[in-house]
Amino acid sequence: MSAKQIVLAARPKGMPDESAFRTEIVEVKAPEQGEVRIKGLYYSVDPYMRGRMSDAKSYAAPYEVGKPIVGGIVAEVLESKAEGIKAGDLVTGRVPWATEVTVPASELSKIDANLAPPSHYLGILGMPGLTAYFGLMDIGKPKAGETVLVSGAAGAVGVVVGQLAKQQGCRVVGIAGSDEKVDLLKHEFGFDEAINYKTTPDMTAAIAVACPDGVDVYYDNVGGEITDAAIMNLNFHARIALCGQIAQYNVTEVPMGPRLFPRLLTRKVLLKGFIVSDYLDRVQEGFAALAKGVKEGKLKYRETVVEGFDNLPKAFLSLFSGENKGKMIVKA
Ligand SMILES: NC(=O)c1ccc[n+]([C@@H]2O[C@H](COP(=O)([O-])OP(=O)(O)OC[C@H]3O[C@@H](n4cnc5c(N)ncnc54)[C@H](OP(=O)(O)O)[C@@H]3O)[C@@H](O)[C@H]2O)c1
């Protein structure tokens, strides 16, 4: 049995291109005790993977050059030598980017396709959904009547943050990179207001207009100048859930921004960086809340689906030009 796999060909500097990836044909080994052979149905591309392409020390180990990229997957079990999993089961986990692969069953969990379309386990019912839930609820701690501002608002994490904040009775304002996304946030996801940062010359002023009572919770997915502008609008005792800094993932030299820490000090702001894996012991709680919202139709979700395993690198790279609305998924 042979399969295609995609490996890291070279560590990119700055914005990567497709030369950072290489496709190889490999033999798929038969499963041994405790292992399963799976076929990929849906693959997740996520901004954090850019960090793993670099060898800088971080919370996750770097990908190795010449070795497969590892990412989120929804797969069908083809052959099983593991207890509790049989051929035909649908599973999710983090495994090498390959059309077929044999992995320990302990790295996978079964999914319930009756609850939601299987690909949702890579988005709202997976890592991005849990990130939204814990960052907002545990760090943002939004209260009814407060204003929640979300950057990267039209992406996998952002659309969930906005809807959860609305459920808490907040005014919710999103920041995103196109008029189409602004429209989507306001009319599909129920945001009270949204700002296109690509066509807005003065973001500090635009946030002030969209958030007339100031910002109580800033859920930061992007960093950079957008975050500088958000900080200028924070209320006393505001909370910043520092989730992502995608505006800086490809920079080769970090630009010097305005020094805004005095503002955080004098407004007595709480700023907390977090990684979703900090909440491993509370995954059941987060999943239950998200699953309930999906089941009852109270949490909407959207995917941008790119067809074809070979297009995984292209789909990943397009996260940095904002091609996706909601979660970017690759369908095998
Ligand atoms: N802390 C954690 O555990 C954790 C977990 C998951 C994700 N994250 C982080 O959360 C953020 C969102 O992740 P996601 O999966 O939901 O991704 P996503 O928002 O679905 O996709 C990335 C989006 O970022 C925006 N973007 C790209 N380059 C940008 C730039 N230079 N400035 C401003 N916006 C830019 C684009 O939208 P526009 O069209 O709006 O520009 C793009 O669609 C990322 O920073 C990610 O690394 C953190």
(request) Would you please list the contacts, defined by Cβ atoms under 6 Å and residues six or more apart or on different chains, that run from a residue in segment 145-165 that is in a strand (DSSP E or B) to a residue that is within 13 Å of the ligand (Cβ to nearest atom)? (result) Leu149/Ala230; Val150/Gly158; Val150/Val161; Val150/Gly162; Val150/Gly174; Val150/Tyr219
(request) Among the residues of segment 167-185, write down those that are part of a helix (DSSP H, G or I), in contact (Cβ under 8 Å) with a residue 24 or more places away in the chain and either over 18 Å from Ile207 (Cβ atoms) or touching a Leu at 6+ places or on another chain (Cβ under 8 Å) (or both). (result) Gln167, Glu180, Leu184
(request) Being closer than 22 Å to Gly66 by Cβ and among the hydrophobic types (A, V, I, L, M, F, W, C) is the filter here, so list the residues in segment 24-53 that pass it. (result) Ile25, Val26, Val28, Val45, Met49, Met53
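Any chance segment 49-69 includes a residue that's assigned to a strand (DSSP E or B) and closer than 28 Å to Val283 by Cβ? Spell out how you get there, then give the answer.
Here is the first cut: in segment 49-69, the residues assigned to a strand (DSSP E or B) are 65, 68.
Keeping just the survivors that are closer than 28 Å to Val283 by Cβ gives 68.
Checking segment 49-69: at least one residue is assigned to a strand (DSSP E or B) and closer than 28 Å to Val283 by Cβ.
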(message) Quick check on my filter: what residues within segment 1-31 are of a type in the set (Lys, Arg) and either part of a strand (DSSP E or B) or under 21 Å from Ala332 (Cβ atoms) (or both)?
(response) Lys4, Arg22, Lys29
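Restricting attention to segment 302-332, and to residues there that are assigned to a loop (DSSP other than H, G, I, E, B) and within 15 Å of Ser44 (Cα to Cα), which single residue is nearest to the ligand (Cβ to nearest atom)? Give the steps one after another, and end with the answer.
Residues of segment 302-332 that are assigned to a loop (DSSP other than H, G, I, E, B), as a first pass: 302, 308, 322-325, 332.
With within 15 Å of Ser44 (Cα to Cα) added as a condition, the list becomes 302, 308, 323-325, 332.
Working: Arg302: 10, Gly308: 20, Glu323: 7, Asn324: 5, Lys325: 8, Ala332: 20 Å.
The selected residue is Asn324.
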(message) Between Leu264, Leu242, Leu270, Leu290, which is among the hydrophobic types (A, V, I, L, M, F, W, C) and in contact with an Asp or Glu (Cβ under 7 Å, 6 or more places away or on another chain)?
(response) Leu242
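Throughout, read-outs are computed from the coordinates displayed, never taken from laboratory work. Here the structure is a predicted model, which is why all the values come from computation and not from measurement. Neighbour counts run over all protein chains shown; Cβ positions are idealised from the backbone, glycine included.
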